[in-house]
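Notes for the one structure printed next.
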Amino acid sequence: MSGAASIGFQSLLSIFVSLGCIALAWRLLLNVRIEAILRVKQAYQVKLMMLFLSVVLGHLLARFILDYLTWSRWLSSLLPT
């Protein structure tokens, strides 16, 4: 694969992994009753906080997954050719 195609593939993979992790975090946060814990009166405040939390948690999870994939690829450089 050429350099530009490799960078394009990595970028596309990063986008899909990040969006998938954010969606997963959103789905998981829907099961948490944050409004009962914080006793917030406006529903939009809870949804906005859940959106921010899902982006932060999803980004952290995606970064871990992408770093792990990168480190796994680097391991091949340890092997003698």
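Each value in this text was obtained by applying a stated rule to the coordinates, not by laboratory testing. Treat the numbers as computed from the prediction; the structure is a model and nothing was measured. As a convention, Cβ positions derive from the backbone with ideal geometry for all residues, glycine included, and neighbour counts pool all protein chains shown.
Selection of region 41-81 for residues being within 18 Å of the chain's Cα centre (by Cα), within 14 Å of Ala25 (Cα to Cα) and not hydrophobic (A, V, I, L, M, F, W, C) yields Ser54, Gly58, His59, Arg63.
For region 1-27, residues that are over 11 Å from Val55 (Cα atoms) and touching a Leu at 6+ places or on another chain (Cβ under 8 Å) total 3.
Among the residues of region 42-55, those identified as among the aliphatic types (A, V, I, L, M) and touching a helix residue (DSSP H, G or I) at 6+ places or on another chain (Cβ under 8 Å) are Ala43, Val46, Met49, Met50, Leu51, Leu53, Val55.
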